[in-house]
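Trainee: This is the structure I have questions about; it appears just below.
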Amino acid sequence: MSKVLLLNGSHKSGKSYTMIIAEQFASGLIEYNPETVIETVDLIQQNINACTGCHACWTTTPGECIFQDDMTELFHQYEDADIVIWATPLYHYGISSAMKKFMERTQPALLPFIDNEGGGTYGHPFRNPEKMLTKKHVLISTCGFPSTKNNYEGVEEQFNNLFGKDKWEKIICVEGELLGIHQLDNLTGPYLDLVKIAGQEYGENLSISPKIREGLSKPFVETPTYLQTTNLSWGVDDTRMKDSDGGLIAWNYMKEVQAAFNPKVRPKMNAVLQIDFTDIKERYQFVIKDETCTLLRNDFARETTTININLTTLERILEGKIDAAQSLMERKYSVVGDMRLFNAFLDGLFGPVNLNPDKKKRLVPISFKNTPYWFFLALCPWVFCFLFADYNPLIGVVIPLMISGILCGIKRGTDLVYFERATLLTFSLLGLVVVTFGSEYQGNTFAIIGYFALALIWAISTLKTVPLTADYTHYFNGRNALKNVLFLRTNRLLCYVWSLVFLAQAGLALWLNTTVMINFAAVLPILLSIPTFVFSLWFLKWHPSDMAKPK
Ligand SMILES: Cc1cc2nc3c(=O)[nH]c(=O)nc-3n(C[C@H](O)[C@H](O)[C@H](O)COP(=O)(O)O)c2cc1C
């Protein structure tokens with residue numbers, strides 16, 4: 001049988017977050033060994049006088065305190081326990097005062113002599129070393145900050161001095177406040193499961209395995225999210241942001257952002273970027289005119305684009321810690337107004353912004369070969385095929401192959417994009433068929449194959465990081481467009497649509513081929529492209545704005 005003394009040092013008694021963890025740990029101990037006896041003591045409810053330092057416990061009544069209060073009994077429990085669980089919230093970088101009072105009253109366990117423990121360290125020997133030296137100690141603590149750094153060093157040093165370096169076990173739970181939010185049970189639940197396993201392990205080995213320890217040292221949520229949630233949860237305005245003494249966090253930060261303004265990103269742009277901070281309810285504007293940027297906090301101008309964001313998210317974006325486009329899609333912030341200004345922001349108008357950090361996409365030089373106009377040239381072989389394959393299958397395949405070859409020859413190398421390569425490949429294959437099997441086909445065959453090929457080419461491109469249309473439309477969206485997941489998604493959706501339209505065109509051509517309209521079977525379906533093209537122009541603008549606006 002193992003005797004465990006569980007000391008609840010929280011001043012919140014039964015409402016303690018720390019005790020949620022401590023009790024879970026205790027249940028793990030019991031699960032491992034049902035014989036385990038747990039004695040829980042709610043320290044704040046006990047009548048424990050503060051040690052007065054009279055030293056009677058060392059001199060006149062050795063081993064006994066002059067106070068006859070609840071500590072008299074507790075001290076015996078402490079002496080007899082095999083395992084002591086010190087469950088305390090972190091208060092001012094230390095243990096709680098209730099726990100400290102208890103700790104100080106264990107002074108009778110020591111002898112008055114000061115021993116030289118070597119290495120320039122000293123300590124009092126135990127009065128009952130056989131009881132005290134075999135005792136095991138576990139610190140269980142929660143705190144409000146999201147990190148142990150510059151937070152727990154004091155407590156850890158204290159425990160090292162009291163119980164020996166690395167001779168005690170610990171569970172330190174940062175972001176402890178979240179244990180009280182039931183909506184977050186899905187985050188805290190798995191942590192508590194780990195605590196229970198830690199209890200079982202401790203029951204078995206008197207230690208917690210490195211794997212479980214690592215799991216227990218992780219915060220529940222990312223720090224910015226935590227700060228945002230807890231800072232707002234107080235329901236109190238952060239008045240520091242409202243003062244006008246110049247020493248303001250948001251204002252100073254905005255000045256830093258202004259200092260990073262880089263007019264070279266959009267040399268001729270005149271616009272007003274408005275930042276509405278959703279957490280601190282502050283508004284700032286960057287007025288960009290004649291390659292200079294003015295920061296406003298009142299007397300606002302008419303905004304071109306508004307970014308609704310909280311301070312932490314903006315900081316993390318501009319520090320390059322999170323993907324700006326990805327976070328937008330995840331609705332961590334929203335954008336309203338002209339997306340061109342936002343694209344300039346993504347291109348580094350206020351300093352470099354991180355986009356798609358794990359996929360290294362090359363920046364495409366802006367030249368005619370990479371403009372959307374080139375796309376129409378790339379379509380020429382297809383149109384030629386649809387127009388002339390019926391008239392002469394050989395011409396309807398060979399001429400497009402030549403056009404495609406010439407276009408690819410002009411572009412060459414890395415400038416060549418997927419659609420151009422796929423076009424060349426398709427007409428090469430069709431050319432091979434014509435050369436091998438002759439050109440005695442029913443005229444529309446190649447046109448119908450062409451529509452199917454287009455549908456396939458566009459469908460396959462949706463599987464690529466950069467879908468087909470993005471190779472051309474990026475021209476309108478700035479140099480970082482191909483790293484912008486929102487832009488890529490817009491184009492991916494567009495490619496789906498076009499793929500379906502090409503499929504419909506293939507079906508239409510097939511059907512017309514069986515009717516009196518057979519002579520128009522290859523050409524007529526092209527008309528479907530006109531409304532789809534108009535739709536595309538609209539969709540390329542609408543979809544990013546729709547995704548970016550507040551929901
Ligand atoms: C007086 C006081 C001081 C605190 N000091 C710290 C601190 O130094 N560092 C920290 O991260 N959290 C600090 N906190 C937050 C608590 O450690 C945190 O809320 C803890 O989860 C409360 O645990 P409990 O519910 O078991 O009492 C402090 C809270 C109070 C009330």
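The values are calculated or read from the model by the stated rules, or taken from the named source; none is laboratory data. Everything numeric in this text was worked out from a predicted model, so none of it was measured. Here the Cβ is made from the backbone with ideal geometry for all residues, glycine too, and neighbour counts use every protein chain on show. Accessible surface areas use protein heavy atoms only, side chains included; no ligands, DNA or RNA. Shrake-Rupley method; radii C 1.70, N 1.55, O 1.52, S 1.80 Å.
Trainee: Round to a whole number: what % of the accessible area of the chain belongs to carbon and sulfur, probe 1.4 Å?
Mentor: That fraction is 59 percent.
Trainee: In whole Å and largest first, what semi-axes does the C-alpha gyration tensor of the stretch 379-453 yield when each eigenvalue is scaled by 5 and square-rooted?
Mentor: The three semi-axes for the stretch 379-453 are 22, 11, 10 Å.
Trainee: Using only the Cα atoms of the chain, build the gyration tensor, take square roots of its eigenvalues as a ≥ b ≥ c, and label the shape rounded, prolate or oblate: rounded if a/c is under 1.5, else prolate if a/b is larger than b/c, else oblate.
Mentor: prolate
Trainee: To the nearest 0.05, what FRET efficiency results for R421 and R297 with a Förster distance of 60 Å applied to their C-beta separation? Let's see the in-between values first.
Mentor: Details: r = 52 Å, r/R0 = 0.87.
Result of the calculation: an efficiency of 0.70.
Trainee: Just to be sure I understand the model, the point goes 7 Å from the Cα along the line to the Cβ. What's the resulting K218 to K3 distance in nm?
Mentor: Here the modelled spin labels are 3.9 nm apart.
Trainee: Per residue, how much accessible area does the chain show when a 1.4 Å probe rolls over the protein heavy atoms, in square angstrom?
Mentor: Normalised by residue count, the accessible surface of the chain is 50 Å².
Trainee: While we're on this one: List the relative contact order of the stretch 3-227 as a percent without decimals, with contacts defined as Cα pairs under 8 Å and 6+ residues apart. Please report the intermediate quantities before stating the final value.
Mentor: Values: 377 pairs, mean separation 56.7, N = 225.
Value for the stretch 3-227: 25 percent.
Trainee: Also, I was wondering about something else. For the stretch 50-109 and the stretch 513-551, what is the separation of their C-alpha centers, rounded to whole Å?
Mentor: Between the Cα centres of the stretch 50-109 and the stretch 513-551 lies a distance of 80 Å.
Trainee: Grab the Cα-Cα distance for N186 and F126, subtract it from 0.36 nm times how many residues apart they are, and report the gain in nm with one decimal.
Mentor: 17.1 nm
Trainee: Before anything else, pin down the relative contact order of the stretch 412-498: Cα pairs under 8 Å, at least 6 apart, normalised by residue count, whole percent. Write down the numbers at each step before the final one.
Mentor: Values: 49 pairs, mean separation 25.4, N = 87.
Contact order relative to length: 29 percent.
Trainee: Of P34, G63, Y78, which is farthest on the positive side of the dipole of the stretch 24-78, counting Cα position, with +1 on Lys and Arg Cβ, -1 on Asp and Glu Cβ, and the Cα centre as origin?
Mentor: G63
Trainee: Moving on to the next point. Projected area of the stretch 10-65, taken from the Cα convex hull and averaged over every viewing direction, in nm²?
Mentor: Its average projected convex-hull area is 5.8 nm².
Trainee: Just want to confirm a number: the relative contact order over the stretch 426-551, from Cα pairs under 8 angstrom separated by 6+ residues, in percent.
Mentor: Taking the mean separation of contacting Cα pairs over the length of the stretch 426-551, I get 26 percent.
Trainee: As I understand it, the dipole of the chain uses +1 on the Cβ of Lys and Arg and -1 on the Cβ of Asp and Glu, about the Cα centre. Which of L510, C51, I171 lies farthest toward its positive end?
Mentor: Result: L510.
Trainee: Okay, moving on. If I stretch the segment between K268 and D82 completely, what's the gain in nm (0.36 nm per residue apart, minus their alpha carbon distance), one decimal? Mind showing how you got there, number by number?
Mentor: Working: separation 186, 0.36 × 186 = 66.96 nm, distance 7.57 nm.
Here the answer is 59.4 nm.
Trainee: Further question on the same structure: Towards the positive end of the charge dipole of the chain, with charges on Cβ (+1 Lys, Arg; -1 Asp, Glu), say which of T305, V4, S499 has the farthest Cα.
Mentor: S499
Trainee: Only helical DSSP H runs with n ≥ 4 go in: add -39500 (n - 2.57) per run for the chain, normalise by residue count and round the 222 nm mean residue ellipticity to 500 deg cm²/dmol.
Mentor: -14000 deg cm²/dmol
Trainee: Hey, with R₀ at 51 Å, roughly what FRET efficiency would L162 and N252 work out to, going by the Cβ-Cβ distance, to 0.05?
Mentor: 0.75
Trainee: Count the net charge of all other residues whose Cβ sits under 15 Å from the Cβ of L493, scoring Lys and Arg as +1 and Asp and Glu as -1. Spell out each step's value before the answer.
Mentor: Details: positive: K464, R489, R492, K541; negative: D546.
That sum, taken over residues with Cβ under 15 Å, equals +3.
Trainee: Then there's this: What accessible area, in Å² to the nearest ten, does a 1.4 Å probe give for Y191?
Mentor: 10 Å²
Trainee: How far is helix 185-205 tilted off the main Cα axis of the chain, in degrees rounded to 10, range 0 to 90?
Mentor: Tilt relative to the chain: about 50 degrees.
Trainee: Here is a follow-up. How would you rank 303-315, 41-53, highest first, on the average number of other Cβ atoms within 10 Å across their residues?
Mentor: By packing density, highest mean first, the sequence is 303-315, 41-53.
Trainee: Could I have the simple spin-label model distance between S209 and T72, label points 7 Å from Cα toward Cβ, reported in nm to one decimal?
Mentor: Output for this residue pair reads 4.7 nm.
Trainee: Also, quick follow-up: How large is log10 of I(q)/I(0) for the stretch 3-227 at q = 0.10 Å⁻¹ when the intensity is taken from the Debye formula with one equal scatterer per alpha-carbon?
Mentor: Treating every Cα as an identical point scatterer, log10 I(q)/I(0) equals -0.46.
Trainee: Rounded if a/c is under 1.5, else prolate if a/b is larger than b/c, else oblate: which is the stretch 368-548, with a ≥ b ≥ c the root eigenvalues of its Cα gyration tensor?
Mentor: oblate
Trainee: Label-point separation (nm) for Q45 and N231, each offset 7 Å from Cα along Cα-to-Cβ?
Mentor: Each label point lies 7 Å from its Cα, and together they span 3.8 nm.
Trainee: Let me ask something else about it. About the Cα centre of the chain, what is the dipole size in debye to 20, counting +1 per Lys and Arg Cβ and -1 per Asp and Glu Cβ, all else neutral?
Mentor: My answer is approximately 2740 debye.
Trainee: Given a cut-off of 21 Å, name the pairs among K281/K549; K100/K170; K3/K167; K149/K255; K15/K136 whose C-alpha atoms lie farther apart than that in the structure shown.
Mentor: K149/K255; K15/K136
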